[in-house]
Amino acid sequence: MQRFLLKSAIAIATISTVAFSGNTAFAGGNAPSGTDATYIGAGISAGVTNGGQSGDTTDLGGNIQGRFAVPNAPVSVRGAILFSDDTSAIMPIVSYDIPITDNANVYVGGGYSFVEANGQATPLGTDDSLVLTAGAEAQLGDSFVVYGDTKWGIDAYENSNADALSFQGGVGYKF
């Protein structure tokens, strides 16, 4: 338990440092505006971990992800579904968005993963878990957004205390 708390504290400290140091670099008034795109998209998802049990790893699956940009705030409400042939994991997530250009953001956030059929493999484990995410998104023209992120599921495998890690990428439609 102490090891879990230490890993969680280190992750939160790292995310906080990245999130708050990004805003001070542009304090002189030339700050990029980022993107305020609200979108829904689809793409691929790759799980890169295994919980140590047979049948609990999914190498490749898909994702459906969306973002609602909260007006006049550096936060977004996000949703993600990572799916495999077996089942899916549904994730509500809140993120802190950091503009890096006039059309792109990096973000860090946290939420929870609800596995529809516990014990069945998704790209992010086999059990419900706390999720931390870090990613980037860029608006292309008026209608499209490309995105990519990493999701870390803490204690995300049934009958195991192993963490899960997955990588996502996709294209979204802005509305």
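The values are calculated or read from the model by the stated rules, or taken from the named source; none is laboratory data. Keep in mind it's a predicted model, so treat the numbers as computed, not measured. We place every Cβ from the backbone using ideal geometry, glycine too, and count neighbours over all the protein chains shown.
Take the residues in segment 110-137 that are in contact with an Asp or Glu (Cβ under 9 Å, 6 or more places away or on another chain), at pLDDT 95 or above and among the small types (Gly, Ala, Ser); name whichever of them is farthest from Val48 (Cα to Cα).
Restricting to residues being in contact with an Asp or Glu (Cβ under 9 Å, 6 or more places away or on another chain), at pLDDT 95 or above and among the small types (Gly, Ala, Ser), the top hit is Ala136.
Restricting attention to segment 82-121, which residues are of a type in the set (A, V, I, L, M, F, W, C), within 30 Å of Pro32 (Cα to Cα) and out of contact with any Gly (no Cβ under 6 Å at 6 or more places or on another chain)?
Correct list: Ile100, Ala104, Val106, Val108.
When the residues of segment 145-175 are narrowed to those that are more than 15 Å from Thr35 (Cβ to Cβ) and of a type in the set (A, V, I, L, M), which ends up surrounded by the fewest Cβ atoms within 10 Å (Cβ to Cβ)?
Leu165
Conditions: (1) over 15 Å from the mean Cα position of the chain (by Cα); (2) in contact (Cβ under 8 Å) with a residue 12 or more places away in the chain. Asn105 meets all but one. Number of the miss?
(1)
Could you list, ordered by first residue, the pairs with Cβ atoms under 6 Å in which the first is in segment 37-51 and farther than 15 Å from Ser84 by Cα and the second is assigned to a strand (DSSP E or B) and of a type in the set (S, T, N, Q), at least 6 apart or interchain?
These pairs meet every condition: Ala37/Gln139; Gly41/Gln65.
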